[in-house]
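The values are calculated or read from the model by the stated rules, or taken from the named source; none is laboratory data. From a predicted model like this one, the values you see are computed outputs, not experimental measurements. FYI the Cβ positions are ideal-geometry reconstructions off the backbone, even for glycines, and counts take in every protein chain you see. With ligands, DNA and RNA removed, areas are computed over all heavy atoms of the protein, side chains included. Shrake-Rupley method; radii C 1.70, N 1.55, O 1.52, S 1.80 Å.
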Amino acid sequence: MGVRFRGWGTAVPDHVVTNDDLSRTLDTSDAWITERTGIRERRIGGTAKSLGVLAGSRALADAGVEPADIDFLVLATTTPDRITPATAPMIAAELGLTCPAMDVNGACSGFMYALRTAQGLLETGNTRILVIGSENLSRWVDWNDRNMAVLLADGAGAAVIEHDATVNEILSFRLGANGEWADLLTCEHGGYFQMDGKEVFRRAVRVVVESAELALADAGVTADQIALVVPHQANIRIIQAATQRLGIPMERAVVVLDRYGNTSSSSIPLAFDDARSNGRVVAGEYALFTGFGAGMTWASAVMRWA
Ligand code: ACO
């Protein structure tokens, strides 16, 4: 059956924190952060709910649909406002949705996990689903820890996807998880994010390349046919290494991490929306979405725009 994207929306906090701002309180520098990560500034503020409501309402408006037209809300978040209730029902209430609403935690693969879940929900009889990725990572960052403080940030992105009998925009999906690598990136109750950056880096490149190659094969699409890569925005060097191994020119990858840092579940929709507003989403062309995150989790999908 066919699935198509009907609208997108994003939201980022107004407050900009530059590398120089961080260098005032941390033993780091704009030169180090830019060179080792590609990040120049990030947005800090809001909550998973407030950013999710804003991105969600913009996606509804972009899709031209009413709250009553949505059959399900799937929210990807690593940083729910509370352990319980989930953040999705609170976002739903604010948006005027009366449908089921739930959170999915796939860390930085979260938006892809939520999209895959939504695709399954469409296959089992729902018509239209709001998928949101929303993160308030800054709340769980130790701002004295330069390892994490330079990387993580806040933001949200959302998409309305719907059943369509005539077209199909999601051609393939490959997800994975390996809990044996769980300790590489964690945030304990009451604690802060901690990470073995080097190991995450190495494995991230590997799982992104492997899952992307499988997704491409499933879709019957070759790497040179991919016009747009929408990768998780963690580190420019991960994007460079993965696209190089896949044989896709780096210019085809969307990069927004220079402005937004790593916003986990929000990074893929933030990147996609940027590509779309710059005219990079063209009917008939193929795109590769790919992400990885704590868990460790990963996911790749091949799209073809109707
Ligand atoms: N500022 C200045 N110097 C620093 C900083 C910093 N913020 N952080 C580390 N350094 C120093 C180190 O101490 C080290 O110094 P030394 O050579 O004297 O020992 C040197 O810089 C190099 O450190 P490395 O850790 O080797 O730096 P690396 O190039 O590996 O970059 C980074 C570190 C940016 C964390 C990288 O490994 C990375 O991006 N890893 C993947 C992270 C990732 O993708 N996380 C997202 C997962 S998704 C999710 O679920 C949130």
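Where residues in the stretch 141-197 are acidic (Asp, Glu) and within 24 Å of Leu54 (Cβ to Cβ), which of them is surrounded by the fewest Cβ atoms within 10 Å (Cβ to Cβ)? Break it down into steps so the answer makes sense when it comes.
The first filter runs over the stretch 141-197 and keeps only residues acidic (Asp, Glu), leaving 142, 145, 154, 162, 164, 169, 180, 183, 188, 196.
Then keep just the ones that are within 24 Å of Leu54 (Cβ to Cβ); that gives 154, 162.
Numbers: Asp154: 30, Glu162: 21.
Step by step, filter the stretch 141-197, then rank; the result is Glu162.
For the stretch 46-65, give me each residue that is farther than 24 Å from Thr127 by Cβ and open to solvent by less than 30 Å² (accessible area, probe 1.4 Å).
Selection gives Ala48, Leu51.
Can we say Val131 is surrounded by 24 or more Cβ atoms within 10 Å (Cβ to Cβ) and over 17 Å from Gly110 (Cβ atoms)?
no
Please list, ordered by first then second residue, the pairs with beta carbon atoms under 7 Å, 6 or more apart or interchain, first in the stretch 219-234 and free of Cβ contacts under 8 Å to residues at least 40 places away in the same chain and in the same structural domain as Val200 (by TED's automatic domain parsing), second open to solvent by 10 Å² or more (accessible area, probe 1.4 Å) and within 16 Å of the ligand (Cβ to nearest atom).
Hits for this filter: Gln233/Tyr260; Gln233/Asn262.
Among the charged types (D, E, K, R) and under 21 Å from Gly2 (Cα atoms): does that describe Arg203? Outline the logic, then answer.
Numbers: among the charged types (D, E, K, R): yes; under 21 Å from Gly2 (Cα atoms): no.
Here the answer is no, as Arg203 does not meet what is asked.
For the stretch 27-42, what are the residues that are hydroxyl-bearing (Ser, Thr, Tyr) and within 9 Å of the ligand (Cβ to nearest atom)?
Within the stretch 27-42, Thr28, Ser29, Thr37 meet the criteria.
A quick yes/no check of all residues on (1) farther than 25 Å from Leu137 by Cα; (2) part of a strand (DSSP E or B):
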| residue | (1), (2) |
| --- | --- |
| Phe5 | yes, yes |
| Gly9 | no, yes |
| Asp14 | no, no |
| Asp20 | no, no |
| Thr28 | no, no |
| Thr34 | no, no |
| Ile39 | no, no |
| Val53 | no, no |
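Looking for whichever is at pLDDT 95 or above, surrounded by fewer than 18 Cβ atoms within 10 Å (Cβ to Cβ) and not in a strand (DSSP E or B) here; the options are Ala68, Ala114, Ala92, Ala88. Which one fits?
From the options Ala68, Ala114, Ala92, Ala88, the qualifying one is Ala68.
Just give me the residues in the stretch 95-111 being open to solvent by less than 40 Å² (accessible area, probe 1.4 Å) and not in a helix (DSSP H, G or I), in sequence order.
Of everything in the stretch 95-111, those that are open to solvent by less than 40 Å² (accessible area, probe 1.4 Å) and not in a helix (DSSP H, G or I) turn out to be Leu97, Cys99, Ala101, Val104, Gly106.
Output the number of the condition that Arg206 fails; it satisfies all remaining conditions of (1) within 19 Å of the chain's Cα centre (by Cα); (2) of a type outside the set (Phe, Trp, Tyr); (3) open to solvent by less than 70 Å² (accessible area, probe 1.4 Å).
(3)
Enumerate the helices (runs of 4 or more DSSP H) found wholly within the stretch 167-265, keeping only those where 3 or more residues are of a type outside the set (Phe, Trp, Tyr) and within 10 Å of the ligand (Cβ to nearest atom).
197-219, 236-246
Every residue in the stretch 136-166 that is within 12 Å of the ligand (Cβ to nearest atom) and among the aliphatic types (A, V, I, L, M), please.
Leu137, Val141, Met148, Ala149, Val150, Leu151, Leu152, Ala153
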